[in-house]
Each structure stands twice: as structure tokens, then as C-alpha cells.
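Note sheet for the following structure.
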Amino acid sequence: MEKFAVIDTETNWNDEVMSIGVVIADSETKKKIDSLYYIITPEYRVGGMFSNELRFDQEDVRITERKQALKEIRQWLEKNHVQKLFAYNASFDRNHLPEYALYQWYDIMRLAAYRQYNRAIPDSAECFKTGRLKRGYGVEEVLKMLSQDTKYNETHNAVRDAEDELRIMQLLGHEIGEYAVALISDKKNRAAGTRYR
């Protein structure tokens, strides 16, 4: 069974990662298999825009230092043979996790925000010539569009957001291979990733 992971990070007022959520899913069915949620200390103590969503009482939450969290997540990904990491606006998460630069990163937004990949985008929506929406292509707006659930609100809790981003992939209905257009990579970040191995 081939697997992939969806990852989400939340940052503090100093733009440091204060929580990480990761969901592993089956590449064929896109169904969730497992998840991990870390609150990073001492970074979370600084506070951030979404500190009230950290949810210390959440089941299976782990509170630890960044280095240990990333080591445990990497071991878990390796145990599950995961090489592909997906994220919504993936450049943000990848740039905040240079230790993971050697993974293949894919941007879910690259398909979700484009008319040619997202059939739920209404004809009335303003798009650029490339097909990308001019506005309203965040996780919350896109998930409302795809699910027809107007009451949905993004939580900004890292693991719940990762689950929501997986749901976007499920609702878009594209095969994992179609995300080849969403691969983001550069030599500088890969070199950084080598330093962290």
C-alpha cells in the first residue's frame, strides 16, 4: 500500500513553529490511516494568533522540543514508507521545516485554486488567465465550495487542519499522480535538508 502524508504547521508571534499536525493516508483511496500532533516547547509559550486552538487536552497530543518532535515524525514517516508530503500553500510549511527538505513536497492549493482542476469553482468566480482564482482560495473557502457546507470554519489547529486539507484532496478526486504539477522543489532547500540528516 503506497501512502502519503498531509502536514500543517502553526506559528507563533516570532514566526517559529509552535505546533505540527501530520496525517498519513492511502494513496489510492485517500483515506486517513493515522495521525500525529505535536505542540512544540518552548515556542508555543511565546503565543500566536491561534494559540487558543493548540488544545492541550486533545487526544494523543505530544508536547516536546522541536528537534525531538521532528525526529519522531521522521521515524514515523519512514516506518510508513512515506516520501510525499502534501500541504495547502506548501511553501509556507516547507520553509518552516527545512529539516524535511529532502521529502517531495506538493502544494494542494496548486490544484484546488485552479478552475481546470477544481470543478466546484463557480462560473461567476473571477479567475486569472491561468485559471487560478483571484480571491477566496484559502482552505476555508475552498472546503466550503467543495463540500457545500457553508457552516464550515477552519480551526487553525495543526492536526485538524491537516485532516481538512486531506478532505480537500478527497473531494477534488484527483489521483496522486495528477499532483505532479504541484511538486515544489529547489536545490537550496534540498541542500539544507542534507545538513539536517
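Brief remarks follow.
- The range 84-106, residues that are among the acidic types (Asp, Glu) and open to solvent by less than 20 Å² (accessible area, probe 1.4 Å): 93
- Residue satisfying all of: in the range 62-83; within 26 Å of residue 174 (Cα to Cα) and in contact (Cβ under 8 Å) with a residue 12 or more places away in the chain; surrounded by the fewest Cβ atoms within 10 Å (Cβ to Cβ) among these: 81
- Checked against the criterion of being in contact with a Lys or Arg (Cβ under 6 Å, 6 or more places away or on another chain) and either over 25 Å from residue 183 (Cβ atoms) or touching a residue at least 24 places away in the same chain (Cβ under 8 Å) (or both), the candidates 38, 44 yield just one match: 38.
- Taking the range 13-61 as the range and being touching a Leu at 6+ places or on another chain (Cβ under 9 Å), at positive phi and open to solvent by 80 Å² or more (accessible area, probe 1.4 Å) as the test, only 60 passes.
- Residue pairs meeting the criteria (Cβ under 8 Å; at least 6 apart or on separate chains; first free of Cβ contacts under 8 Å to residues at least 24 places away in the same chain and closer than 14 Å to residue 141 by Cα, in the range 151-177; second among the basic types (Lys, Arg) and open to solvent by 30 Å² or more (accessible area, probe 1.4 Å)): 152/144
Yes/no matrix, rows are residues, columns are (1) within 27 Å of residue 112 (Cα to Cα); (2) within 17 Å of the chain's Cα centre (by Cα); (3) of a type outside the set (A, V, I, L, M, F, W, C):
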site	(1), (2), (3)
5	yes, yes, no
8	yes, yes, yes
25	yes, yes, no
28	yes, no, yes
35	yes, yes, yes
38	yes, yes, yes
71	no, no, yes
96	yes, yes, yes
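The values are calculated or read from the model by the stated rules, or taken from the named source; none is laboratory data. Just so we're clear, the structure is a prediction, and the values are computed from it rather than from any experiment. Quick reminder, even Gly has a Cβ in these numbers, built from the backbone with ideal geometry, and neighbours come from all protein chains shown. Keep in mind that these areas ignore ligands, DNA and RNA; they rest on the heavy atoms of the full protein, side chains included. Shrake-Rupley method; radii C 1.70, N 1.55, O 1.52, S 1.80 Å.
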